[in-house]
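Here the structure is laid out as structure tokens; the discussion comes afterwards.
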Amino acid sequence: QVQLVDSGGGLVQPGGSLRLSCAASGSIGRISDMGWYRQAPGKQRELVATITRGDSINYAGFVEGRFRISIDNDKNTVYLQMNSLKPEDTAVYYCNARLFGIDFWGQGTQVTVSS
């Protein structure tokens, strides 16, 4: 089992930045990869970025170099630095961890980009 606690969301103006954090606990050593997903109202949850245990990183096409995923293994925390935010980035962002093919999710953190 893995427990995930996301934080760092909020209201930001277009062009602004936010850093999301996800603290993991439990069977951390068996996690194969972690990532961030998001879900906007009326839309399906979609991948934002993932990072594997071997530090292989994958970004969704809409990221366009604006976001950066990173992991601090000492703190068991994964981050998503988001820059140049757009109104269409508004969504609930969820941390994800995969363990033996099973997905675990954080509770989600709301990101709202609006002037």
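The values are calculated or read from the model by the stated rules, or taken from the named source; none is laboratory data. Just so it is clear, the model here is predicted, and its values are computed rather than measured. Please note: Cβ atoms are built from the backbone with ideal geometry, for glycine as well, and neighbour counts cover all protein chains shown. Calculation scope for accessible area: heavy atoms of the full protein, side chains included, ligands and nucleic acids excluded. Shrake-Rupley method; radii C 1.70, N 1.55, O 1.52, S 1.80 Å.
Between ASN73 and GLU46, take the C-beta separation as r, use R0 = 25 Å, and let me know the FRET efficiency to the nearest 0.05.
Calculated transfer efficiency: 0.40.
The relative contact order of segment 70-115, computed from alpha carbon pairs under 8 Å that lie at least 6 residues apart in sequence, is 33 percent. Relative contact order for the chain: 38 percent, from Cα pairs under 8 Å spaced at least 6 residues apart, divided by residue count. Normalised per residue, the accessible area of segment 29-87 is 57 Å², obtained with a 1.4 Å probe and no contribution from ligands, DNA or RNA.
For segment 41-95, rounded, prolate or oblate, judged on the Cα gyration tensor with a ≥ b ≥ c (square roots of eigenvalues), a/c < 1.5 rounded, else prolate if a/b > b/c? Prolate.
Restricted to Cα atoms, the chain shows a radius of gyration and a Dmax of 13.4, 42 angstrom. So, in Å, what gap is there between the alpha-carbon centers of segment 5-80 and segment 96-115? Taking the Cα centre of each part, segment 5-80 and segment 96-115 sit 7 Å apart.
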